[in-house]
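J.: One structure, pasted below without further comment.
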Amino acid sequence: MGYALAEEMAARGADILLVSGPTALTPEHPAITRVNVTSAQEMFNAAKTAFSSVDIAVFCAAVADFTPAQPAGAKIKRGKDDLQLLLKPTVDIAATLSQQKKKGQLTVGFALETDNEKTSAQQKIVRKNLDLIVLNSLNDKGAGFGGDTNKITLIDQQGHETAFGLKSKNETAKDIADAIEKLIASRFVPGNNNKE
């Protein structure tokens, strides 16, 4: 989904810095610069470095919420009946950086939910100080990971929801890009009290 959105926004004239974990995907548009990372901490560091210089930040990577507290330096061999791993939370990249956004900067997050989807997404948009959130439900067949389709609901800060049917990820990227463009345009409408 992130690659489809990067391609769509680049096609609309944006210069894109794509921070990406390991994948076989390759950006095609010449306006996309890819930064490769292999861990949640590396992704946070790369996003933090770039954040202050971007106009729009889209946090769509499915970054692990937890990481091993003590990573093993070698293979953990079989031998015990049970094994306990201590996990520690990773940095919430979207929440951390969105709290630092400057006037006029837009932040867009993604929420992959399984229960109380809309309520959870609405709470995230507030808690993480996002301008827009893209809700995916694991309960919707064809949405989220492992395929070329997605089914989303867009929710803005005022709680307005726009639901879309199942579409290709390229078509879904167009819907998200349209919503971002509308947010940008709304900030420059004469008489808009929220203008930045």
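The values are calculated or read from the model by the stated rules, or taken from the named source; none is laboratory data. Because the structure is a prediction, the values reported are computed rather than measured. Neighbour counts are summed over all protein chains in view; Cβ atoms, including those assigned to glycine, are modelled from backbone coordinates with ideal geometry.
J.: Among residues belonging to the range 160-194 that are polar (S, T, N, Q) and modelled with pLDDT of 90 or more, point out the one that is surrounded by the most Cβ atoms within 10 Å (Cβ to Cβ). Step through it out loud before you land on a result.
T.: Of the residues in the range 160-194, the ones polar (S, T, N, Q) are 162, 168, 170, 172, 186, 192-194.
Next, from what is left, pick out any that are modelled with pLDDT of 90 or more: 162, 168, 170, 172.
Details: Thr162: 13, Ser168: 13, Asn170: 16, Thr172: 24.
Taking the candidates together, the pick is Thr172.
J.: Could you give me the residue pairs with C-beta distances under 7 Å whose first residue belongs to the range 118-133 and is touching a residue at least 24 places away in the same chain (Cβ under 8 Å) and under 12 Å from Leu154 (Cα atoms), whose second residue is surrounded by fewer than 22 Cβ atoms within 10 Å (Cβ to Cβ) and of a type in the set (Gly, Ala, Ser) wherever it lies, and which are 6+ apart or on separate chains?
T.: Short answer, once both residue conditions are applied: Gln122/Gly159; Leu132/Ala179.
J.: Here are the criteria: (1) more than 15 Å from Leu18 (Cα to Cα); (2) touching a Leu at 6+ places or on another chain (Cβ under 6 Å); (3) of a type outside the set (A, V, I, L, M, F, W, C); (4) surrounded by 11 or more Cβ atoms within 10 Å (Cβ to Cβ). Tell me which single one Asn129 does not satisfy.
T.: With respect to (1) more than 15 Å from Leu18 (Cα to Cα); (2) touching a Leu at 6+ places or on another chain (Cβ under 6 Å); (3) of a type outside the set (A, V, I, L, M, F, W, C); (4) surrounded by 11 or more Cβ atoms within 10 Å (Cβ to Cβ), Asn129 is out only on (2).
J.: Among residues belonging to the range 24-48 that are of a type in the set (Ser, Thr, Tyr) and over 25 Å from Gln105 (Cβ atoms), point out the one that is farthest from the chain's Cα centre (by Cα). Spell out the reasoning first.
T.: Kept after step one, since they are of a type in the set (Ser, Thr, Tyr), are these residues of the range 24-48: 26, 33, 38-39.
From what's left, over 25 Å from Gln105 (Cβ atoms): 26, 38-39.
Values: Thr26: 18, Thr38: 17, Ser39: 16 Å.
It comes out as Thr26.
J.: Just the residues that are touching a residue at least 24 places away in the same chain (Cβ under 8 Å), of a type in the set (S, T, N, Q) and surrounded by fewer than 17 Cβ atoms within 10 Å (Cβ to Cβ), please, taken from the range 76-117.
T.: Across the range 76-117, the qualifying residues are Thr90, Thr96, Gln99, Gln100, Thr114.
J.: Hey, another quick one. Phe51 - would you say it is closer than 25 Å to Asp175 by Cβ and within 12 Å of the chain's Cα centre (by Cα)? Talk me through it step by step, then tell me what you get.
T.: Details: closer than 25 Å to Asp175 by Cβ: yes; within 12 Å of the chain's Cα centre (by Cα): no.
Criteria not met by Phe51.
J.: Okay, moving on. Select from the range 1-23 the residues that are within 16 Å of the chain's Cα centre (by Cα) and of a type in the set (Asp, Glu) and list them in ascending order.
T.: Glu7, Glu8
J.: Name every residue in the range 29-52 that is modelled with pLDDT under 95 and either more than 23 Å from Thr67 (Cβ to Cβ) or buried (at least 19 other Cβ atoms within 10 Å of the Cβ) (or both), in order of residue number.
T.: Selection gives Ala40, Ser52.
J.: Now for a different question. Which of the numbered conditions does Asp156 fail, given that it passes all the others? Conditions: (1) crowded, with 17+ Cβ neighbours inside 10 Å; (2) at pLDDT below 95; (3) closer than 26 Å to Thr23 by Cα.
T.: With (1) crowded, with 17+ Cβ neighbours inside 10 Å; (2) at pLDDT below 95; (3) closer than 26 Å to Thr23 by Cα applied to Asp156, the lone miss is (3).
J.: Residues in the range 21-53 that are free of Cβ contacts under 8 Å to residues at least 40 places away in the same chain and among the small types (Gly, Ala, Ser): how many?
T.: So the first thing to find is which residues in the range 21-53 are free of Cβ contacts under 8 Å to residues at least 40 places away in the same chain, and the list is 22-39, 42, 45-46, 49-50, 53.
Still in the list and also among the small types (Gly, Ala, Ser): 24, 31, 39, 46, 50, 53.
Residues that pass the stated criteria total 6.
J.: Moving on to the next point. Tell me the helices (runs of 4 or more DSSP H) entirely within the range 1-120 that contain at least 1 residues that are β-branched (Val, Ile, Thr). Please lay out each step first, then the result.
T.: Numbers: elements: 2-11, 40-51, 93-98.
Helices (runs of 4 or more DSSP H) meeting the threshold: 40-51, 93-98.
J.: Let me ask you something else. Restricting attention to the range 14-26, which residues are out of contact with any helix residue (DSSP H, G or I) (no Cβ under 6 Å at 6 or more places or on another chain) and either surrounded by fewer than 17 Cβ atoms within 10 Å (Cβ to Cβ) or not hydrophobic (A, V, I, L, M, F, W, C) (or both)? Spell out how you get there, then give the answer.
T.: Filtering the range 14-26 for residues out of contact with any helix residue (DSSP H, G or I) (no Cβ under 6 Å at 6 or more places or on another chain) gives 14-15, 20-24, 26.
Listed by number, the residues that qualify are Asp15, Ser20, Gly21, Pro22, Thr23, Ala24, Thr26.
J.: Are there any pairs, at least 6 apart or on different chains, whose C-beta atoms fall under 6 Å, with the first in the range 59-75 and within 18 Å of Ile133 (Cα to Cα) and the second in a loop (DSSP other than H, G, I, E, B), and if so, which?
T.: If the second residue must be in a loop (DSSP other than H, G, I, E, B), the pairs left are Cys60/Met1.
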